[in-house]
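Undergrad: To start, I am sharing the structure in question, which I have written as structure tokens.
Here, each number is a calculation from the coordinates, and none is a lab measurement. Because the structure is predicted, anything quoted here is derived from the model rather than measured. All Cβ positions, glycine included, derive from the backbone under ideal geometry; neighbour counts span all protein chains shown.
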Amino acid sequence: MPHPLIPGALPRIPALLLAALLAACGDDKSDSNGSDRHAHDHDHDPVETLGRLATYDSDASAVKIINLDDGSLLGEFPLTGVAPSLYASPGLRYAVVIQRNDNLVSFIDGGLYQEDHGDHLHDYAESPVLMGLTLSGVRPTHYSPTDDYAVVFHDGGNGSVSSVDVISDSAIAAGALEGSLTLENAMHGVAKRIGDKLFVSYRDPSITDTTLPAEVERYQWNGSGYDFEERYSVQCPLLHGAGHSERHLVFGCGDGVLVVNLADSTFAASKLGNPDGLAEGARIGTVLGHHAWNQVVGIAGTQLFTIEPDAAEPYQALTLPGAAVRLSQGFVPTTGLFWVMADDGALHLFDPAANWNRVAAITVTGAIGASDPRPVVTASGADARLFVLLPASDEVVEVDLQTRSVAQTRALGFNATTLAWLGIPGEHDH
């Protein structure tokens with residue numbers, strides 16, 4: 001199969017950035033494609049930058065890397081096949097380009113990264129480059145990052161079984177995988193690697209009325225592969241979605257949530273029923289977590305619930321004002337705030353440290369109708385900022401979460417459909 005990322009025009013690097021690169025410092029090094037990426041002296045000034053955005057230009061059918069400091073285009077990588085989903089790698093250096101219907105996952109080095117030189121950490125700012133590593137499992141669907149690792153779950157189908165690929169930034173740089181696992185049959189599943197454990201959904205072959213799994217298995221990393229440890233007896237019918245906190249891994253089920261106790265040496269599992277007040281016919285199908293909090297957030301249609309399995313009342317509803325309806329949501333990596341993009345055009349901020357109270361609403365656009373294209377939100381991994389893509393106007397709104405205001409709005413000049421922040425992770429302040 002020809003590679004779907006075909007190098008097009010050479011990346012356009014701003015003159016100031018190019019000069020900085022030529023004057024930068026360090027040893028001669030080669031990247032995983034065998035080309036010399038940088039030749040530096042021994043000055044080690046940190047890179048001061050807002051980061052970069054990976055986005056997809058649907059008219060040009062290309063992934064573009066945008067410099068957030070001046071809005072310039074640093075790299076353009078044409079695609080063949082369907083429009084991708086874009087994510088950041090666990091260390092935020094690489095764009096993970098998932099083309100589900102083309103059975104393909106590719107990687108683009110965003111060019112911002114940090115190396116440990118023993119006595120100091122050295123920042124680099126270079127031009128983006130297409131990596132040689134690709135994944136070719138059947139129907140890559142769920143992408144699940146956890147700390148240093150991320151898992152791509154390939155659903156399989158049409159005679160192919162599901163499979164799991166585990167990646168890290170260091171593995172992508174080396175053109176390799178951290179590990180992989182081939183399952184027994186096809187399913188619309190999910191997996192999480194936490195430490196040296198891999199938790200993977202399991203669908204019994206007797207289930208024929210759905211492709212959703214109903215159980216969870218645990219594997220142990222042995223240095224070269226994954227050894228099976230346990231299939232939990234606790235059932236999770238219609239399993240979909242998984243997220244974790246420092247203490248718990250939570251899977252969404254058709255009748256509640258399955259909870260794995262990460263603080264227990266046996267990684268015991270238990271079950272919570274659905275929360276009171278859940279809409280008829282709804283179920284928790286997405287779970288999001290942040291390492292700083294004991295709670296995770298479960299999403300059930302338009303409803304949101306915090307889940308703290310150890311609490312006497314494990315569920316707490318998160319509500320939006322008036323008739324506002326959530327469109328998307330996530331945690332801010334650097335602060336732990338939880339944001340909800342709603343159809344009233346505002347980003348609503350909830351503070352877990354303040355009993356999950358809603359502490360701000362920042363308007364980024366007008367009201368969003370049911371047939372309007374939805375905004376896409378990505379969070380900076382370096383500071384307290386969100387970037388909101390408005391597909392209807394081809395703009396990106398930068399939101400400063402410290403001042404809780406719109407910092408600026410950038411016109412892209414092309415029809416973008418998705419967004420991911422890339423850069424050097426910053427200090428986390430909770």
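Undergrad: Tell me which residues come under 5 Å, amide H to amide H, from ASN185 once H is placed; ignore anything under 5 positions away on its chain.
TA: When sequence neighbours closer than 5 places are left aside, the close amide H contacts are SER162.
Undergrad: Then there is this: Expressed as a fraction of 2.2 N^0.38 Å, the rule-of-thumb size for a compact globular protein of N residues, what is the C-alpha radius of gyration of region 53-93? Kindly include the intermediate steps, with their values, before the conclusion.
TA: Working: Rg = 10.8 Å, N = 41, 2.2 N^0.38 = 9.0 Å.
It is 1.20.
Undergrad: So, one more: Could you please tell me the mean projected area of the C-alpha convex hull for region 321-430, averaged over all directions and given in square nanometres to one decimal? Provide the component values of the computation, followed by the final result.
TA: Details: hull surface 27.4 nm².
For region 321-430, averaging the hull's shadow over all directions gives 6.9 nm².
Undergrad: Taking the Cα atoms of region 40-110, what is the range of coordinates along each of the three principal axes, in descending order and whole Å?
TA: Projected onto the principal axes, the Cα atoms of region 40-110 cover 46, 24, 19 Å.
Undergrad: For a test of the definition: using alpha carbon positions, the gyration tensor, and the 1.5 limit on a/c, classify region 205-318 as rounded, prolate or oblate. Before the final figure, lay out the partial values.
TA: Working: a/c = 2.06, a/b = 1.25, b/c = 1.65.
Oblate.
Undergrad: Whole-Å semi-axes of region 115-173's equivalent ellipsoid, largest first, each the root of 5 times a Cα gyration tensor eigenvalue?
TA: Details: eigenvalues 195, 37, 13 Å².
With the √(5λ) rule applied to region 115-173, the semi-axes are 31, 14, 8 Å.
Undergrad: What's the longest piece of the chain with no exposed GluC sites (Glu not before Pro), counting a site as exposed if DSSP puts it in a loop and it has at most 16 other beta carbons within 10 Å?
TA: On the way: sites that count: GLU48, GLU184, GLU246, GLU280, GLU427.
Free of exposed loop sites, the longest segment is 281-426.
Undergrad: Moving on to the next point. If contacts are Cα pairs under 8 angstrom and at least 6 residues apart, what is the relative contact order of the chain in percent?
TA: Numbers: 1109 pairs, mean separation 46.4, N = 430.
Computed over the chain, the figure is 11 percent.
Undergrad: Which one of GLY298, GLY179, LEU401 is farthest out on the positive end of the charge dipole of the chain, using unit charges on Cβ (Lys, Arg +1; Asp, Glu -1) and the Cα centre as origin?
TA: The residue sitting most towards the positive pole is GLY298.
Undergrad: Can I ask one more? Give the span of region 177-252's Cα atoms along each principal axis, as three whole-Å numbers ordered largest to smallest.
TA: 37, 27, 22
Undergrad: Excluding residues on the same chain fewer than 8 positions from LYS271, give the aspartates and glutamates whose Cα lies under 17 Å from its Cα.
TA: GLU215, GLU217, GLU230, ASP255, GLU308, ASP310, GLU313
Undergrad: Under the Karplus relation 6.51 cos²θ - 1.76 cosθ + 1.60, θ = phi - 60°, what is the ordered set of whole-Hz ³J(HN,Hα) values for region 197-211, x standing for Gly and Pro?
TA: Residue by residue, region 197-211 yields 9, 10, 9, 9, 5, 9, 10, 5, x, 6, 7, 10, 8, 7, 8 Hz.
Undergrad: Starting at the first residue of region 212-223, write each ³J(HN,Hα) from the Karplus equation 6.51 cos²θ - 1.76 cosθ + 1.60 with θ = phi - 60°, in whole Hz, x for Gly and Pro.
TA: 7, x, 9, 9, 10, 10, 10, 10, 10, 6, 10, x
Undergrad: OK, next. Using unit Cβ charges (K, R positive; D, E negative) and no other charged atoms, how large, in debye to the nearest 20, is the dipole of the chain about its Cα centre? Show your work: numbers first, answer last.
TA: Details: 23 positive and 54 negative charges, 247 e Å.
For this selection, approximately 1180 debye.
Undergrad: Under 10 °C and 1.306 mPa s, how fast does the chain diffuse according to Stokes-Einstein, given a Kirkwood radius computed over C-alpha pairs? Answer in µm²/s, whole number. All intermediate terms of the calculation are to be shown ahead of the outcome.
TA: Numbers: Rh = 22.6 Å.
Rounded to a whole number, D works out at 70 µm²/s.
Undergrad: Taking the Cα centre as origin and putting +1 on Lys and Arg beta-carbons and -1 on Asp and Glu beta-carbons, what dipole magnitude results for region 306-363, to the nearest 20 debye? Spell out each step's value before the answer.
TA: Values: 2 positive and 6 negative charges, 35 e Å.
With Lys and Arg at +1 and Asp and Glu at -1, about 160 debye.
Undergrad: Among GLN220, SER245, GLN235, which residue has its Cα positioned farthest towards the positive end of the charge dipole of region 186-255, with +1 placed on the Cβ of Lys and Arg, -1 on the Cβ of Asp and Glu, and the dipole taken about the Cα centre?
TA: Among GLN220, SER245, GLN235, the one farthest towards the positive end of the dipole of region 186-255 is SER245.
Undergrad: Could you bin all the Cα-Cα distances of region 131-273 into 10 Å bins starting at 0 and give me the percent of pairs in each, rounded to whole numbers?
TA: Taking every Cα pair in region 131-273, the percentages come to 12, 44, 35, 9, 0.
Undergrad: Which aspartates and glutamates does LYS64 reach when only Cα atoms under 13 Å apart count, and residues fewer than 8 places away in its own chain are ignored?
TA: Leaving aside aspartates and glutamates fewer than 8 places away in the same chain, those within reach of LYS64 are GLU76, ASP109.
Undergrad: Using the Kirkwood radius built from alpha carbon pairs, what does the Stokes-Einstein equation give as D for region 69-191 at 25 °C and 0.890 mPa s, in µm² per second? Show your work: numbers first, answer last.
TA: Values: Rh = 15.3 Å.
Rounded to a whole number, D works out at 160 µm²/s.
Undergrad: Return the Rg/Rh value of region 147-192, two decimal places, where both radii are evaluated on C-alpha atoms and Rh is the Kirkwood radius.
TA: Details: Rg = 11.5 Å, Rh = 11.1 Å.
Result: Rg/Rh = 1.04.
Undergrad: Of HIS348, LEU412, LEU337, which is farthest towards the positive pole of region 336-419's charge dipole, taken about the Cα centre with +1 and -1 on the beta-carbons of Lys, Arg and Asp, Glu respectively?
TA: Positive-most Cα among the choices belongs to LEU337.
Undergrad: About the Cα centre of region 82-141, how large is the charge dipole given +1 on each Lys and Arg Cβ and -1 on each Asp and Glu Cβ? Please answer in debye to the nearest 20.
TA: Values: 3 positive and 7 negative charges, 107 e Å.
My answer is approximately 520 debye.
Undergrad: Return the single residue from GLY179, GLY256, GLY281 with maximal mean-square fluctuation; model: Gaussian network over the chain, springs between Cα atoms under 10 Å.
TA: Answer for the Gaussian network model of the chain: GLY281.
Undergrad: Given the DSSP H assignment, sum -39500 (n - 2.57) over each helix run of at least 4 residues in the chain and divide by its residue total; what's the result at 222 nm in deg cm²/dmol, nearest 500? Walk me through the numbers on the way to the answer.
TA: Details: 2 runs with 15 residues, N = 430.
Only helices count here, giving -1000 deg cm²/dmol.
Undergrad: Next question. Return the Cα extents of region 208-263 along principal axes one, two and three, sorted largest first, each rounded to a whole Å.
TA: Rounded to whole Å, the extents work out to 36, 29, 18 Å.
Undergrad: Let me ask something else about it. Which whole number of Å³ per residue matches the convex hull of the alpha-carbon atoms in region 342-388? Write out the running numbers ahead of the final one.
TA: Numbers: hull volume 3.8 nm³, N = 47.
Cα convex hull per residue, to the nearest whole number: 81 Å³.
Undergrad: If you don't mind, there's one more thing I want to ask. To the nearest µm²/s, what D does Stokes-Einstein give for region 285-355 at 20 °C and 1.002 mPa s, using the Kirkwood radius over alpha carbon pairs as Rh?
TA: On the way: Rh = 12.5 Å.
It comes out at roughly 171 µm²/s.
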